[in-house]
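First the structure, in the form of structure tokens, and then the observations on it.
The values are calculated or read from the model by the stated rules, or taken from the named source; none is laboratory data. These numbers come from a predicted model, not from an experiment. Cβ atoms come from the backbone with ideal geometry, glycine included; neighbour counts cover every protein chain shown. Areas reflect the complete protein model, heavy atoms only, side chains present, ligands, DNA and RNA absent. Shrake-Rupley method; radii C 1.70, N 1.55, O 1.52, S 1.80 Å.
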Amino acid sequence: MVSMPLRLLVCAAALVGCGSVSKIHVDGGDEDASRADAAADACVVDHSSVTFIPTGAVQMFSVPSCVTALAIDAYGAGGGSGGGVAGKGGHATGTATVTPGETLYLFVGQAGTTVGTTGIAAGTPGGFNGGGAVDEYIGWTSQAEGVSGTGGGATDVRQGGMDLTDRIIVAGGGGGGATANVIGGPPALLDGGDAGGTAGAPGTATTAITTSVAGGGASQTAGGTAGSCCTNYPDKAGTLGIGGDTYRDASGSGGGGGGYYGGGAGQFAGGGGGSSYTGNLVQASSTGGVQVGDGKLTLSW
């Protein structure tokens with residue numbers, strides 16, 4: 001068989017003695033084949049979304065085929081009430097540039113808890129992903145501890161690794177509240193600070209106790225200050241990703257919320273809220289003080 005290019009000159013010699021030559025045009029099959037190959041290779045995004053709730057551990061997400069942009073909607077967790085009002089978690093949204101098949105690491109914050117009046121010498125941890133803990137005053141032996149709230153954990157997405165420096169978006173966690181027992185008066189109910197937005201709010205203190213010092217809210221560049229009052233109460237300031245741990249005795253104290261930076265611990269006062277972060281994401285925004293209870297995370301494409 002003779003292969004046929006786009007324009008084929010056929011000699012009719014065998015039939016008419018090659019006395020004439022006919023030009024036969026064959027429409028281009030090559031062009032049609034190229035068009036079909038391009039259609040077969042086209043990448044089509046199967047649009048969908050998935051929501052993650054806390055598990056107490058990192059969760060992983062593999063970017064679907066064809067997806068190069070991922071919308072992220074994150075809510076940080078609220079703090080524990082400790083008898084007061086728990087600080088609320090923050091909300092952060094934005095769209096990230098991603099590569100099909102890459103793995104993202106998801107940390108969904110858990111709410112802080114209220115720690116009652118029983119002894120907890122070993123301490124009670126805060127909410128998963130950075131919530132500040134509640135520990136005991138050093139040397140405290142009584143079982144009459146004040147009611148306290150641990151800090152809520154932040155919710156974040158990490159790209160390229162699982163370190164705090166790999167976070168591309170963070171929704172901060174709320175600070176823990178507390179109940180401060182006032183000599184000769186009713187207990188003071190103290191609130192945890194809400195998470196940011198760009199900056200977390202401080203907790204609340206009471207003038208009825210001279211050593212009541214609220215935990216500070218976190219910013220974009222530093223953790224919230226600690227409400228430490230005394231040598232045996234080494235309350236901690238917030239740091240990158242971590243809310244400050246607090247100490248209590250007969251009066252309660254609130255732990256700091258997790259966040260881009262964590263809120264500071266309160267001393268016989270509420271803990272500060274953590275900050276949120278949207279980095280280099282596009283169509284990004286953050287709002288403070290919106291989430292009660294556990295955090296959550298939704299990815300859409």
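Among (1) touching a strand residue (DSSP E or B) at 6+ places or on another chain (Cβ under 9 Å); (2) open to solvent by 10 Å² or more (accessible area, probe 1.4 Å); (3) not basic (Lys, Arg), there is one condition Gly259 misses while meeting the rest; what is its number?
(2)
Which one of these is open to solvent by 40 Å² or more (accessible area, probe 1.4 Å), more than 20 Å from Gly149 (Cα to Cα) and out of contact with any His (no Cβ under 7 Å at 6 or more places or on another chain): Thr165, Thr225?
Thr165
Quickly run through the stretch 268-285 and pick out the residues that are touching a strand residue (DSSP E or B) at 6+ places or on another chain (Cβ under 8 Å), surrounded by 24 or more Cβ atoms within 10 Å (Cβ to Cβ) and either assigned to a loop (DSSP other than H, G, I, E, B) or of a type in the set (S, T, N, Q) (or both).
Phe268, Ala269, Gly270, Gly271, Gly273, Gly274, Ser275, Ser276
Check every one of the strands (runs of 3 or more DSSP E) wholly within the stretch 152-235 and list those with 2 or more residues that are closer than 17 Å to Leu106 by Cβ and β-branched (Val, Ile, Thr).
Of the strands (runs of 3 or more DSSP E) lying wholly inside the stretch 152-235, those with at least 2 residues that are closer than 17 Å to Leu106 by Cβ and β-branched (Val, Ile, Thr) span 155-159, 167-171.
Determine whether Ala265 is touching a residue at least 40 places away in the same chain (Cβ under 8 Å) and surrounded by fewer than 23 Cβ atoms within 10 Å (Cβ to Cβ).
Here the answer is no, as Ala265 does not meet what is asked.
For the stretch 205-226, enumerate the residues that are closer than 27 Å to Ser285 by Cα and not hydrophobic (A, V, I, L, M, F, W, C).
Answer for the stretch 205-226, where residues must be closer than 27 Å to Ser285 by Cα and not hydrophobic (A, V, I, L, M, F, W, C): Gly215, Gly216, Gly217, Ser219, Gln220, Thr221, Gly223, Gly224, Thr225.
From the list Gly90, Gly101, Gly112, Gly82, which residue is open to solvent by less than 10 Å² (accessible area, probe 1.4 Å), assigned to a loop (DSSP other than H, G, I, E, B) and out of contact with any helix residue (DSSP H, G or I) (no Cβ under 9 Å at 6 or more places or on another chain)?
Gly82
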